[in-house]
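**Q** Please read through the structure below; I'll follow up with questions.
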There are 2 protein chains.
Amino acid sequence: MKEEKLILDGNRVAAAMKEGLVEQIKRLSEKEIVPCLATILVGDDPSSATYVRMKGNACARLGIHSIRVELPSTTTTEELIAKINKLNDDPHVHGILLQHPVPHHIDERAAFEAIRIEKDVDGVTTIGFAQNAFGFADFPSCTPAAIIAILEYYNIPIEGKHAVVIGRSPILGKPVSVMLLNRNATVTICHSKTANLARLVRLGDIVVAAVGKPNFVQGDWIKPGAVVVDAGYNKGNIGDVDYEACLENASAITPVPAGVGPVTIAALLKHTVEAAERFLAKSVL
Amino acid sequence: MKEEKLILDGNRVAAAMKEGLVEQIKRLSEKEIVPCLATILVGDDPSSATYVRMKGNACARLGIHSIRVELPSTTTTEELIAKINKLNDDPHVHGILLQHPVPHHIDERAAFEAIRIEKDVDGVTTIGFAQNAFGFADFPSCTPAAIIAILEYYNIPIEGKHAVVIGRSPILGKPVSVMLLNRNATVTICHSKTANLARLVRLGDIVVAAVGKPNFVQGDWIKPGAVVVDAGYNKGNIGDVDYEACLENASAITPVPAGVGPVTIAALLKHTVEAAERFLAKSVL
């Protein structure tokens, strides 16, 4: 008998999340509030343009307003921050997403920090990160939130499991590590300086690949029965995981595309709607 | 031939750190600034009272001013925060230390958050934690900072090593994990829900015990040649590590007392002096 493999279908998880939002958006509209996400794209990276467009389209389909700010690649850090501050002050904007990465001459961290915490729907500010680390964030970063949402949707146990995260970026590896930790996983964080990477990954009951290298995670790194989550997105819609090879050992795996990606967008929509709800609650007070 | 064991002498590290501070304190005094630490003790826990007294004495020996605030165990969260706000507003106070733990009825997190970031010399605020996690904190929590200082003083390599941290508290396990991670260690964070703890600890090139249970870490958990750091302090000056047993396998180990403890106090003094320097730099601007 062939072992059954669970393909963790991101589209299905995203659909369930969006369905839950419909009612919330309706209730907001009764108060004459339309949730609004402002996306900021700096420069002309085609992948980034695609992501931003996908996010805008996803908003539109759900009746969330979106404002698309496009700035030339010559934009300075100061100009970008000035733009963010305008959006901070705009009462119609509930969420602000600065598409990563920005051109190299811009201080991305400074730009992220400029986003007011109430509108930081992608959890990129340091305060947002820390609130997440301490378990009381309103809006964790969307990709980490998506990874947790997928595991929860499929009832994959996290508590007591050993999660191995490959990658330590401030908006993916680090926050997903603390989110798994706060859900009582034992967490190992690996990265480019890790010795014996394959041996460590082989310990993982849950393996999260967030490294940004196509097909990086090899099949024989996966412990039989492990759950593999591929948070990578590389050119040509290729994940960080050698899918076919890892599928051999995994009990469950996210594909690319249609794995973490659509759930990340659903998390962004969810956070935007929740930001609008919080805005309403505050203005009622 | 008997293998040589390195006893990581916290008093020696602390002395070196304090020596470096003398010149800084002298320069500040030329500008008529005396660094000042306010310690807050709530309730009458005898260990906490001892720690606070030790901190005050250490300040005095170095010419750092200290203000000792003692509040009854019946103090409310609001009263504590009001007191912290007074210290925030006092231009003569450069650092504020709220002794952990406070009585259970107090919202300790809310009290920590009230400390202004410029005066958060023990790195207890969420923003302080996040800045530390992202590698640009002014003042990481003192015990994690002490652990790093000890490793650095003894030239123990961190990069590429596997560090296993036992404990995940917001002021010890979590921050020391990110500090080791930011110094390019691979980090595994274990805790009460970890399965196979002994097996995981045995992977560690560096083992940090921050669990708060006397003699918890057993000798046969330690990989031969590993470095063992005991950040525990339990009643009767007993660490989290079964010292004699772990010494068998370890290549280097911190004793209790005279290990992490004195360096934690030295880190607190260092942060207080640095906070005074930053205050001066700002007031000169």
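**Q** Which one is farthest from A:Thr76 (Cα to Cα) among residues in the stretch A:1-18 that are assigned to a loop (DSSP other than H, G, I, E, B) and not charged (D, E, K, R)? Even if it seems obvious, please write down each step before you answer.
**A** Step one: filter the stretch A:1-18 for residues assigned to a loop (DSSP other than H, G, I, E, B), giving A:1-5, A:8-9.
Next cut, not charged (D, E, K, R) only: A:1, A:8.
Values: A:Met1: 61, A:Leu8: 41 Å.
Selected residue: A:Met1.
**Q** Now for a different question. Going through the stretch B:166-177 one residue at a time, which ones are under 20 Å from B:Phe139 (Cβ atoms), modelled with pLDDT of 95 or more and among the β-branched types (Val, Ile, Thr)?
**A** B:Val176
**Q** Those residues that are within 9 Å of chain B (Cβ to nearest Cβ), of a type outside the set (A, V, I, L, M, F, W, C) and in a helix (DSSP H, G or I), I need them from the stretch A:174-198; list them, please. Spell out the reasoning first.
**A** Applying the first criterion (within 9 Å of chain B (Cβ to nearest Cβ)) to the stretch A:174-198 yields A:174, A:177-178, A:181-182, A:184-197.
When the remaining residues are screened for being of a type outside the set (A, V, I, L, M, F, W, C), the result is A:174, A:177, A:182, A:184, A:186, A:188, A:191-194, A:196.
Scanning the stretch A:174-198 gives A:Lys174, A:Ser177, A:Asn182.
**Q** Just checking, how many residues over the stretch B:199-231 are part of a loop (DSSP other than H, G, I, E, B), within 13 Å of chain A (Cβ to nearest Cβ) and over 23 Å from B:Glu152 (Cα atoms)?
**A** The qualifying residues number 0.
**Q** A follow-up question, please. Look through the stretch B:162-172, keep the residues that are assigned to a loop (DSSP other than H, G, I, E, B) and at the interface with another protein chain (Cβ under 8 Å from one of its Cβ atoms), and return whichever of them is surrounded by the fewest Cβ atoms within 10 Å (Cβ to Cβ).
**A** Of the stretch B:162-172, the ones assigned to a loop (DSSP other than H, G, I, E, B) are B:167-172.
Adding the requirement that they be at the interface with another protein chain (Cβ under 8 Å from one of its Cβ atoms) leaves B:168, B:170.
Working: B:Arg168: 25, B:Pro170: 21.
Step by step, filter the stretch B:162-172, then rank; the result is B:Pro170.
**Q** If you don't mind, there's one more thing I want to ask. Could you give me the residue pairs with C-beta distances under 7 Å whose first residue belongs to the stretch B:182-195 and is at positive phi, whose second residue is surrounded by 19 or more Cβ atoms within 10 Å (Cβ to Cβ) and in a loop (DSSP other than H, G, I, E, B) wherever it lies, and which are 6+ apart or on separate chains?
**A** If the second residue must be surrounded by 19 or more Cβ atoms within 10 Å (Cβ to Cβ) and in a loop (DSSP other than H, G, I, E, B), the pairs left are B:Asn184/B:Ile158.
**Q** Out of all the residues in the stretch A:28-47, which are charged (D, E, K, R) and either free of Cβ contacts under 8 Å to residues at least 40 places away in the same chain or crowded, with 16+ Cβ neighbours inside 10 Å (or both)? Explain how you work it out, then say what you get.
**A** Start the filter on the stretch A:28-47 by keeping residues that are charged (D, E, K, R), which leaves A:30-32, A:44-45.
Across the stretch A:28-47, the qualifying residues are A:Glu30, A:Glu32, A:Asp44, A:Asp45.
**Q** Kindly indicate whether B:Thr143 is among the hydroxyl-bearing types (Ser, Thr, Tyr), more than 14 Å from chain A (Cβ to nearest Cβ) and not in a helix (DSSP H, G or I). Show your work before the answer.
**A** Details: among the hydroxyl-bearing types (Ser, Thr, Tyr): yes; more than 14 Å from chain A (Cβ to nearest Cβ): yes; not in a helix (DSSP H, G or I): no.
Criteria not met by B:Thr143.
**Q** In addition: Output the strands (runs of 3 or more DSSP E) that fall wholly within the stretch A:19-135 and possess 2 or more residues being within 14 Å of another protein chain (Cβ to nearest Cβ), or say none. Quick ask: steps written out before the conclusion?
**A** Numbers: elements: A:36-42, A:65-71, A:95-98.
Of the strands (runs of 3 or more DSSP E) lying wholly inside the stretch A:19-135, none has at least 2 residues that are within 14 Å of another protein chain (Cβ to nearest Cβ).
**Q** Here is a further query. Sort out which residues of the stretch A:196-212 are within 26 Å of A:Ala133 (Cβ to Cβ) and either surrounded by fewer than 20 Cβ atoms within 10 Å (Cβ to Cβ) or of a type outside the set (D, E, K, R) (or both), and write them in order of number.
**A** Selection gives A:Leu197, A:Leu200, A:Val201, A:Leu203, A:Gly204, A:Ile206, A:Val207, A:Val208, A:Ala209, A:Ala210, A:Val211, A:Gly212.
**Q** Test of understanding: among A:Val217, A:Val229, A:Val256, which residue is more than 22 Å from A:His162 (Cβ to Cβ) and not assigned by TED's automatic domain parsing to the domain that holds A:His65? Spell out the reasoning first.
**A** Details: A:Val217 fails: more than 22 Å from A:His162 (Cβ to Cβ); A:Val229 fails: more than 22 Å from A:His162 (Cβ to Cβ).
Answer to the selection: A:Val256.
**Q** Which is touching a residue at least 60 places away in the same chain (Cβ under 8 Å), within 30 Å of A:Arg27 (Cβ to Cβ) and hydroxyl-bearing (Ser, Thr, Tyr), of A:Thr254, A:Thr264? Break it down into steps so the answer makes sense when it comes.
**A** Working: A:Thr254 fails: within 30 Å of A:Arg27 (Cβ to Cβ).
Of the residues listed, the single one that is touching a residue at least 60 places away in the same chain (Cβ under 8 Å), within 30 Å of A:Arg27 (Cβ to Cβ) and hydroxyl-bearing (Ser, Thr, Tyr) is A:Thr264.
**Q** Something else: Scanning for something within 14 Å of chain A (Cβ to nearest Cβ) and either under 22 Å from the mean Cα position of the chain (by Cα) or not in a helix (DSSP H, G or I) (or both), does the stretch B:236-250 turn up at least one residue?
**A** There is no residue in the stretch B:236-250 that is within 14 Å of chain A (Cβ to nearest Cβ) and either under 22 Å from the mean Cα position of the chain (by Cα) or not in a helix (DSSP H, G or I) (or both).
**Q** Further question on the same structure: Determine whether the stretch B:42-53 contains at least one residue that is more than 17 Å from the chain's Cα centre (by Cα), within 20 Å of B:Asp120 (Cβ to Cβ) and not basic (Lys, Arg).
**A** yes
For (1) farther than 17 Å from A:Thr188 by Cβ; (2) touching a Phe, Trp or Tyr at 6+ places or on another chain (Cβ under 9 Å), each residue gets a yes or a no:
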residue	(1), (2)
B:Val178	no, yes
B:Leu181	no, no
B:Val187	no, no
B:His191	no, no
B:Thr194	no, no
B:Leu197	no, yes
B:Gly204	no, yes
B:Val211	yes, no
B:Asn215	yes, yes
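The values are calculated or read from the model by the stated rules, or taken from the named source; none is laboratory data. Everything quoted here is computed from the prediction, not taken from an experiment. Counting neighbours? That spans all protein chains shown, and the Cβs are built from the backbone with ideal geometry, glycine included.
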